[in-house]
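> Take this structure first; my questions come after.
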Amino acid sequence: MTESKKIAVLCNYELLPGRVGGMDYFFWLFDKQCKEKDIQVDWFFPNLYHHGEYSKLSIHDCNYNVENYFFAFCKQNKTDYSHIITHFLELCTPSFYKIKQFSKAEIIAVDHNPRPLYGYPLKKKIEKRIKGILFSRYIDVFVGVSEFSKSELIKDFGAQIEKKSIVIFNGLEISKFKKKKNFSSNNQFIVASHLRKEKGIQDLILAVKDLKSFDFTIDIYGEGYFEGELKKMIQDFSLQSFFNFKGSVSNLTEIYCKYDYLIHPSHGETFCYSVVESLMSNLPVITTRNQGNVLGLVVENKNGFLFEELNVVELKEILQNILKHKFLIGNCWENSKLKNFSLAKMVANHLALVLNNKP
C-alpha cells in the first residue's frame, strides 16, 4: 500500500467567523478534494477558528507568526512534504531559502498582494529586484491570480521567473449568488471591501460631500484599520445620513442583489473579489478603470461605469447622473468571461499543481 502524499499550506490569512469570503470557500474545497486524492494537508494559519468547514481541516495555530511557527514545527517533526504552498506571504524572502535547507518539497508561491497605484518607490524596486536575484531560485512556481498579477511579479523580481510563472484565477461558487432581477432604482449603493486606504473609500466620501441635495444611502460592509479615519471624514463633512457601516458579514452572496450598484473606488487590486461577486449577482458596478476593473469584466454602460483612480470629480459626476436618472443600467449585461472564475476551476487548477500536472 503506497503512502499518501502530504503537503503544507502556509496562509497568512486571519480566520474570522464574521468574514467568510472566496478564499475560505477555496480552502475548504481544496482540502476536501485533496483528501479524495489521498493527499494530506497541514494548514498553517495565523490563528484558529472552527467556523464553516474549518473544523474538517488539520490546522496549526501559528500565533500570528506563520513562517517562524512552520520552521519550528518542521524542525521538531521532520515532516516530509511533497509540496509547500504559500498564500498571502511576502515572496522572495530568506524564508524560502531557509525552507529549501531542510525540505526537498516543491514550493508554490501564490501572489495575492496589490501594488501601490503609482508603483513602488525606487528603493523598494531595487530591494525587490535584489531579492528576486537572491531568492527566486528557491520558489518552483509563481502563481498570479490575474494576468496583471503575473506581469507585476515578473516586473518585481526579474525576467528569470517568467518561465515558472503562471496564472490561476481566483474562483467563486457561482450558484451561491442570488441574482438581481429588479432594476428599478432605490438609490441604495453598496461598498464591500476591507477598510484599507488602498480601497479608496475616502474618495467616495469626498464625492458624496458635494451630493447632499440628493436622497440616497451607501452601506459599507467590511472591517479594517482605516475604519476610524473614514468615520471621522464622514463626521467632519456631516454625512452620517448617507453612510452606514455594516461590519463583516458571511452572507454577501444574498445581499448584493438588494442594491442598485456596487461602488468600488480602489487604488490597487490583483483580482478584486467584490467586483466579481457583484457581477455574479447581476449587480452593476462603479469602479476604477484599471485597478477595480483589473480583470476587464466591467464594460462601460453595459454592466457598470468606470472612472480614473483618485478622480473624485469623475466619480461624483457618475453618481450625480445616476441620481438624476441620466445614467441607467436597465438590466445588467452578463459578461461571458465570468464562467472563468468558478471555484471548481480554481480548485482543479491548484490541485493540478500538487499532482504535478501544470494547469
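> Inside segment 186-200, can you point out the residues that are basic (Lys, Arg) and not in a loop (DSSP other than H, G, I, E, B)?
Lys197, Lys199 - these are the residues of segment 186-200 that are basic (Lys, Arg) and not in a loop (DSSP other than H, G, I, E, B).
> Additional query: Got a sec? Which strands (runs of 3 or more DSSP E) wholly within segment 238-313 have at least 1 residues that are over 27 Å from Asp111 (Cβ atoms) and open to solvent by 40 Å² or more (accessible area, probe 1.4 Å)?
Details: elements: 243-247, 261-264, 285-288, 304-307.
Output list reads 243-247.
> Identify all residues within segment 290-340 that are more than 22 Å from Lys178 (Cβ to Cβ) and of a type in the set (S, T, N, Q); write none if there are none.
Asn290, Gln291, Asn293, Asn301, Asn311, Gln320, Asn321
> With respect to Asp203, is the statement that it is more than 15 Å from the chain's Cα centre (by Cα), assigned to a loop (DSSP other than H, G, I, E, B) and either within 21 Å of Ser146 (Cα to Cα) or of a type in the set (D, E, K, R) (or both) true?
no
> When you check Ser266 against the structure, is it small (Gly, Ala, Ser), out of contact with any Asp or Glu (no Cβ under 8 Å at 6 or more places or on another chain) and at pLDDT 95 or above, yes or no?
On the way: small (Gly, Ala, Ser): yes; out of contact with any Asp or Glu (no Cβ under 8 Å at 6 or more places or on another chain): no; at pLDDT 95 or above: yes.
Criteria not met by Ser266.
> How about segment 1-39: which of its residues are under 21 Å from Phe70 (Cβ atoms), open to solvent by less than 50 Å² (accessible area, probe 1.4 Å) and in a loop (DSSP other than H, G, I, E, B)?
Ser4, Tyr13, Leu15
> Name, by its number, the condition in (1) within 29 Å of Asn331 (Cα to Cα); (2) out of contact with any His (no Cβ under 9 Å at 6 or more places or on another chain) that does not hold for Lys199.
With respect to (1) within 29 Å of Asn331 (Cα to Cα); (2) out of contact with any His (no Cβ under 9 Å at 6 or more places or on another chain), Lys199 is out only on (2).
> Another question, if that's okay. Report, by residue number, each residue of segment 40-57 that is surrounded by 12 or more Cβ atoms within 10 Å (Cβ to Cβ) and out of contact with any Cys (no Cβ under 8 Å at 6 or more places or on another chain).
Within segment 40-57, Asp42, Leu48, Tyr49, His50, His51, Gly52, Glu53, Tyr54, Lys56, Leu57 qualify.
> Can you tell me which residues in segment 206-225 are in a loop (DSSP other than H, G, I, E, B), of a type in the set (A, V, I, L, M) and open to solvent by 50 Å² or more (accessible area, probe 1.4 Å)?
Filtering segment 206-225 down to residues in a loop (DSSP other than H, G, I, E, B) leaves 209-216, 222-225.
The next check asks that each one be of a type in the set (A, V, I, L, M); those that pass are 211.
Residues satisfying the conditions do not exist here.
Rundown of residues vs (1) at pLDDT 95 or above; (2) within 16 Å of Cys332 (Cα to Cα), yes/no style:
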| site | (1), (2) |
| --- | --- |
| Leu279 | yes, yes |
| Val285 | yes, yes |
| Gly292 | yes, no |
| Leu297 | yes, yes |
| Glu300 | no, yes |
| Glu309 | yes, no |
| Val312 | yes, no |
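> Something else now. Scan (1) over 25 Å from Arg129 (Cα atoms); (2) of a type in the set (D, E, K, R); (3) in contact (Cβ under 8 Å) with a residue 12 or more places away in the chain for the single condition Lys35 breaks and write down its number.
Going through the list (1) over 25 Å from Arg129 (Cα atoms); (2) of a type in the set (D, E, K, R); (3) in contact (Cβ under 8 Å) with a residue 12 or more places away in the chain, Lys35 breaks only (3).
> Restricting attention to segment 347-355, does a residue exist that is without any contact (Cβ under 8 Å) to a residue 40 or more places away in the chain, of a type outside the set (Gly, Ala, Ser) and not in a strand (DSSP E or B)?
no
> If only one of Phe73, Phe30 is touching a residue at least 12 places away in the same chain (Cβ under 8 Å), among the hydrophobic types (A, V, I, L, M, F, W, C), farther than 23 Å from Val249 by Cβ and out of contact with any helix residue (DSSP H, G or I) (no Cβ under 8 Å at 6 or more places or on another chain), which one is it?
On the way: Phe30 fails: out of contact with any helix residue (DSSP H, G or I) (no Cβ under 8 Å at 6 or more places or on another chain).
Matching residue, one of Phe73, Phe30: Phe73.
The values are calculated or read from the model by the stated rules, or taken from the named source; none is laboratory data. Here the structure is a predicted model, which is why all the values come from computation and not from measurement. Virtual Cβ from ideal backbone geometry, glycine too; neighbours counted across all protein chains shown. Quick note on the areas: whole protein, heavy atoms, side chains included, nothing else; ligands and nucleic acids left out. Shrake-Rupley method; radii C 1.70, N 1.55, O 1.52, S 1.80 Å.
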